[in-house]
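One structure below.
The values are calculated or read from the model by the stated rules, or taken from the named source; none is laboratory data. Note that the coordinates shown come from a computational prediction; the quantities given were computed from them, not determined experimentally. Cβ: placed from backbone, ideal geometry, glycine included. Neighbour counts: every protein chain shown.
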Amino acid sequence: MGVSGIDSGRVGGAAAAALGLRLFAIFATVLAVLLAVSAPAHAAVKSLEPDPEAQKVLSERWKSLDELRSQLEALPAVQTAGAGTGKRRALVIGNDAYEALVPLQKAVADAGSVASTLSDLGFEVTSAENLARDPFDETLEAFYQSLEEHDVALIFYSGHGLAMEGSNYLLPVDMPMLEPDEGRKLRREAVDAGEILARLSERGVGLALVVLDACRDDPFARDGTKGGMSLKGLARMQPQKGMFVLYSAGVGQKALDRLGPDDGEPNSVFTRKFMPILATPGLPLVDIAKRTQVEVQALARKVHHTQEPAYYDQVVGQYYFQPPKPRLFGIAIGIDDYIGYKLAGAVNDADVVADAVRALGAEKVVALRNADARLQFIDYVWADMLADARPGDTIVLTYSGVSGQRPAPAGSDEEDGKDEFLVLSGGNVLDAKGDPASVAPDAVLSDDDLTRWMEAAAEKNVNVVLLVDGCHGAGLLDRPFANVSFLGASAEDELVLEYTVEGRKHGLASVAFAYGIGGYADYNSDGYLTQRELFAYVARQVLNAAGLEQTPQFLPALGIDAGDMPLFRLAAPAAAKAEAASGTTEPTR
């Protein structure tokens, strides 16, 4: 519904009646939906013949979600111990002081910082720095010999590295400058990273993690030009079973030692992001890698550089350096009363979500309704909870109300040329008439504001589950965040209607979300709710009720990037409820 140039989201009241209301009721443990559509008298009569193309799209979506549900039901229970029952042992190497090659500034500091973090995580750490070729070999051999079956072994290397003909090499500090035709000498003078993987496999360790923060500069460049061998970047290595390899940059990319000459950070771009993420409780190994990817990519982009860490995983199951023991916080915002516009179900949404979060044993839950949902107060509550939260904790932030789009200001980096925003208490939706200046700054929460909030949470490694139940909901984050599980109730070009649920008006996404975290989304009944489980449940319930008219959007994308990181540990009653309802929680359609 467009309002004089501003698309007002979350359609309710008379506007909803004009568009037609759908009714659905929750039967016992399921969201079984009964839809009744009424058209206003002046509306054109639509053909009763089904649209074959729409039916095809609907069928394909159900098929995809049915397949995903089967996958989720078959998932093994979340294991908080993971592979490796022996000791944790780590070798950490940093090479800065190259004799003939371009020296580095932060590799030794990186090694020291990572060694300290690993020690805090219970690793027996062997540290070495500025190793020449023979000491490099001797240090590696001593580490191999210290390993026993079922140990968890981790090798971290920071320094120069490169690839040639598909093989990766780590460079000792006495590596000579090579001429373009001296590739054979590289094999003799450098350390073959593939050999490191092979030796770890021979030792029979339970899990091996190799982290390579290398390829920061072409070490053979002369006079500001690239060396004649065009050696750049590390190549992909295929780890064997039980191994995990994490690179600081993608294939052929340069990993930054620093952001620029004035960068005073003690660690490289990769390590400064990797280290606190590694120390965050409750993250499985894959999610440590994914978070590092996203955050390093965003940091490097600030200096217009492409650096996308890559990982290769052959570990069966999930491994945690620290098991998930997150504390939970919640902020549920619901606004029905606007100037010149009124909804009926947004406050109900806030209430049902707040109750569901409390039932999970949250430390603190704040429901902000109508006049309480002012920008200054919301900002205060968010800052207060973020200050209380520790790394690995989770904040649930949900909004139900009017959201919209307006033209982005000149020079904006919005790809679609539009800014999305949430209208807060005191906001005048209908009188805005497309003039952004007429929307009071304290009556909107912009996509830029939300993005800044998520950046602050990412810096602290606090998890956020963010739900926007309003029109154009998918556009409320300007970029993906590895610590944020984002659910937008609709695509950027879709409106959101209110529905009657058990006699009360609601948004579909909010009700599905509340029931999902209440236990119904725990498809494999293991007592944990993962990202994919929650996303899939919300997608199914909204599709069942609204068909193709409302399409929830998720970041990371469901079916592509969304993972099996546990978002919530269900309270005992919720877990029992999920177990009892297993196999019967889906509505008929």
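Scanning the stretch 518-531 for residues that are crowded, with 24+ Cβ neighbours inside 10 Å, assigned to a helix (DSSP H, G or I) and not small (Gly, Ala, Ser) gives a single hit, Tyr520. For the stretch 295-337, a residue qualifies if it is small (Gly, Ala, Ser) and on the phi > 0 side of the Ramachandran plot, and exactly one does: Gly317. Close contacts from the stretch 533-552, counting a first residue that is basic (Lys, Arg) and a second that is surrounded by fewer than 23 Cβ atoms within 10 Å (Cβ to Cβ) and modelled with pLDDT of 90 or more, with Cβ to Cβ under 7 Å and a gap of 6+ residues or different chains, come to Arg540/Leu65. For the stretch 139-151, does any single residue satisfy the condition of being surrounded by fewer than 16 Cβ atoms within 10 Å (Cβ to Cβ), touching a residue at least 12 places away in the same chain (Cβ under 8 Å) and either within 15 Å of Val211 (Cβ to Cβ) or hydrophobic (A, V, I, L, M, F, W, C) (or both)? Yes, the stretch 139-151 contains a residue that is surrounded by fewer than 16 Cβ atoms within 10 Å (Cβ to Cβ), touching a residue at least 12 places away in the same chain (Cβ under 8 Å) and either within 15 Å of Val211 (Cβ to Cβ) or hydrophobic (A, V, I, L, M, F, W, C) (or both).
Answer yes if at least one residue in the stretch 108-125 is over 31 Å from the mean Cα position of the chain (by Cα) and in contact (Cβ under 8 Å) with a residue 12 or more places away in the chain, and no otherwise. Break it down stepwise before answering.
So in the stretch 108-125, the residues over 31 Å from the mean Cα position of the chain (by Cα) come out as none.
Within the stretch 108-125 (the criterion being over 31 Å from the mean Cα position of the chain (by Cα) and in contact (Cβ under 8 Å) with a residue 12 or more places away in the chain), the answer is no, since none of the residues qualifies.
Applying a threshold of 6 Å to beta carbon distances and a minimum spacing of six or more residues, or different chains, the list of pairs starting in the stretch 316-327 at a residue that is buried (at least 20 other Cβ atoms within 10 Å of the Cβ) and in a loop (DSSP other than H, G, I, E, B) and ending at one that is among the hydrophobic types (A, V, I, L, M, F, W, C) and modelled with pLDDT under 75 reads Tyr319/Ala83.
Hey, could you check the stretch 161-219 for residues that are within 38 Å of the chain's Cα centre (by Cα), in a loop (DSSP other than H, G, I, E, B) and aliphatic (A, V, I, L, M) and say which is modelled with the lowest pLDDT?
Let us first name the residues in the stretch 161-219 that are within 38 Å of the chain's Cα centre (by Cα), namely 161-173, 190-219.
If we keep only those that are in a loop (DSSP other than H, G, I, E, B) as well, we get 165-166, 171-173, 190, 203-206, 214-219.
Keeping just the survivors that are aliphatic (A, V, I, L, M) gives 171, 173, 190, 205, 214.
Numbers: Leu171: 94, Val173: 96, Ala190: 91, Val205: 92, Ala214: 87.
Across the stretch 161-219, the extreme among qualifying residues is Ala214.
Anything in the stretch 467-478 that is of a type outside the set (Gly, Ala, Ser) and either on the phi > 0 side of the Ramachandran plot or crowded, with 24+ Cβ neighbours inside 10 Å (or both)? List them, or say none.
Restricting attention to the stretch 467-478, the residues satisfying the condition of being of a type outside the set (Gly, Ala, Ser) are 467-469, 471-472, 476-478.
The answer is Leu467, Val468, Asp469, Cys471, His472, Leu476.
One residue stands out in the stretch 344-367 among those that are within 19 Å of Leu487 (Cβ to Cβ) and not in a helix (DSSP H, G or I): the one that is farthest from the chain's Cα centre (by Cα), namely Gly345.
Within the stretch 479-499, can you find the residues that are surrounded by fewer than 20 Cβ atoms within 10 Å (Cβ to Cβ) and in contact with a helix residue (DSSP H, G or I) (Cβ under 8 Å, 6 or more places away or on another chain)?
Taking the stretch 479-499 as the starting set, the residues that turn out to be surrounded by fewer than 20 Cβ atoms within 10 Å (Cβ to Cβ) are 479-480, 491-493.
Arg479, Pro480, Ala491, Glu492 - these are the residues of the stretch 479-499 that are surrounded by fewer than 20 Cβ atoms within 10 Å (Cβ to Cβ) and in contact with a helix residue (DSSP H, G or I) (Cβ under 8 Å, 6 or more places away or on another chain).
Per the listing Leu558, Leu534, the residue uniquely at pLDDT below 90 and of a type in the set (A, V, I, L, M) is Leu558.
Taking the options Gly112, Gly122, Gly94, name whichever one is at pLDDT 90 or above and in contact with a Lys or Arg (Cβ under 8 Å, 6 or more places away or on another chain).
Details: Gly112 fails: in contact with a Lys or Arg (Cβ under 8 Å, 6 or more places away or on another chain); Gly94 fails: in contact with a Lys or Arg (Cβ under 8 Å, 6 or more places away or on another chain).
The unique qualifying residue is Gly122.
Hey, does the stretch 146-156 have a residue that's farther than 21 Å from Gly86 by Cα and either in the same structural domain as Gly264 (by TED's automatic domain parsing) or under 32 Å from the mean Cα position of the chain (by Cα) (or both)? Checked against the condition, which is being farther than 21 Å from Gly86 by Cα and either in the same structural domain as Gly264 (by TED's automatic domain parsing) or under 32 Å from the mean Cα position of the chain (by Cα) (or both), the stretch 146-156 yields no hits at all. Among residues of the stretch 375-397 being in contact with a helix residue (DSSP H, G or I) (Cβ under 6 Å, 6 or more places away or on another chain) and over 17 Å from Glu459 (Cβ atoms), the one that is surrounded by the fewest Cβ atoms within 10 Å (Cβ to Cβ) is Leu375.
Tallying residues that are farther than 17 Å from Val269 by Cα and either of a type in the set (Asp, Glu) or assigned to a loop (DSSP other than H, G, I, E, B) (or both) within the stretch 92-140 yields 18.
Considering the conditions (1) over 30 Å from Gly250 (Cα atoms); (2) surrounded by fewer than 21 Cβ atoms within 10 Å (Cβ to Cβ), Gly330 is excluded by exactly one of them, (2).
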